[in-house]
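Here's the structure, in structure tokens; my notes come after.
The values are calculated or read from the model by the stated rules, or taken from the named source; none is laboratory data. Every value quoted in this text rests on a predicted model; they were computed, and no experiment measured them. Please note: Cβ atoms are built from the backbone with ideal geometry, for glycine as well, and neighbour counts cover all protein chains shown.
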Amino acid sequence: MYNNELYHHGVRGQKWGVRRYQNEDGSLTNAGQRRYARDAREKEFNEYDNSSGKYYKKSKKNGRTDLEFDAKRYVKEDAERTRRLVDSGRNLSGDLKRAVDTSTKNRKIPKMDLASMTEQEMRSQINRAMLERQYNDIFNPQKESKGREYASRTLETAGNVLAVTSSALGIALAIKELRG
């Protein structure tokens with residue numbers, strides 16, 4: 001395999017020559033029937049004609065209106081829905097990462113009331129705080145909790161995977177759009 005070539009092996013689980021929504025003769029596959037029924041529910045075509053196999057709705061103004069099946073639109077909508085789902089997952093991953101980062105930065109450190117202390121008390125407090133800090137730096141280095149560390153790694157990995165997936169999906173949609 002050369003580095004300057006692009007390889008594509010199709011949709012995972014998709015077999016050669018198998019149509020997704022519509023057979024060659026125009027009849028619907030099982031997936032096509034489910035997608036057509038969902039489209040009918042969304043557009044409120046509540047009645048079904050067994051003889052023609054189409055959903056329809058009646059109105060006083062126009063009479064009977066049949067819902068037409070559009071396999072190309074369904075494929076395009078499914079790809080767009082998948083892209084939006086991947087994008088929202090990537091955005092969610094980034095938002096969670098930012099929330100974790102800001103929560104660690106915004107911890108409040110208790111302050112001393114300097115107005116009511118004498119100079120000697122202030123010096124003793126400062127010396128005590130510096131000694132505690134030095135002791136903790138030497139013998140008890142600050143560690144990130146295992147849960148926070150695991151969550152950070154997971155969010156970073158998920159964000160990277162979703163970014164790559166989103167990019168690939170965007171390229172695939174653009175190519176499909178250009179083909180027509």
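What the table below lists for this structure:
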quantity: Some residue of the stretch 87-106 being outside any helix (DSSP H, G or I), modelled with pLDDT under 80 and not acidic (Asp, Glu); calculated: yes
quantity: Among the residues listed as Glu119, Glu80, Glu144, the single one being at pLDDT 80 or above and either exposed (fewer than 12 other Cβ atoms within 10 Å of the Cβ) or touching a Gly at 6+ places or on another chain (Cβ under 9 Å) (or both); calculated: Glu119
quantity: Cβ-Cβ under 6 Å pairs, at least 6 apart or on other chains, the stretch 51-78 side touching a residue at least 40 places away in the same chain (Cβ under 8 Å) and within 13 Å of Gly32 (Cα to Cα), far side among the aliphatic types (A, V, I, L, M) and loosely packed, with under 15 Cβ neighbours inside 10 Å; calculated: none
quantity: Selection within the stretch 59-77 - surrounded by 12 or more Cβ atoms within 10 Å (Cβ to Cβ), in contact with a strand residue (DSSP E or B) (Cβ under 9 Å, 6 or more places away or on another chain) and not in a helix (DSSP H, G or I); calculated: Thr65, Asp66, Leu67, Phe69
quantity: Close pairs (8 angstrom Cβ cut-off, 6 or more residues apart or separate chains): in the same structural domain as Val100 (by TED's automatic domain parsing) in the stretch 129-151, surrounded by 10 or more Cβ atoms within 10 Å (Cβ to Cβ) and modelled with pLDDT of 80 or more anywhere; calculated: Gln142/Asn136
quantity: Test: Thr157 is surrounded by 12 or more Cβ atoms within 10 Å (Cβ to Cβ), of a type in the set (Val, Ile, Thr) and assigned to a helix (DSSP H, G or I); calculated: no
quantity: Extreme residue, nearest to Val161 (Cα to Cα), among residues of the stretch 83-103 that are of a type in the set (Ser, Thr, Tyr) and surrounded by 10 or more Cβ atoms within 10 Å (Cβ to Cβ); calculated: Ser93
quantity: Among (1) modelled with pLDDT of 80 or more; (2) under 30 Å from Arg20 (Cα atoms), the one test that Leu169 misses; calculated: (1)
quantity: Test result for Ala31, of a type in the set (A, V, I, L, M), over 24 Å from Ala168 (Cβ atoms) and either modelled with pLDDT of 80 or more or assigned to a loop (DSSP other than H, G, I, E, B) (or both); calculated: no
quantity: Close pairs (7 angstrom Cβ cut-off, 6 or more residues apart or separate chains): farther than 16 Å from Asp78 by Cβ in the stretch 162-180, of a type in the set (Ser, Thr, Tyr) anywhere; calculated: Leu162/Ser93
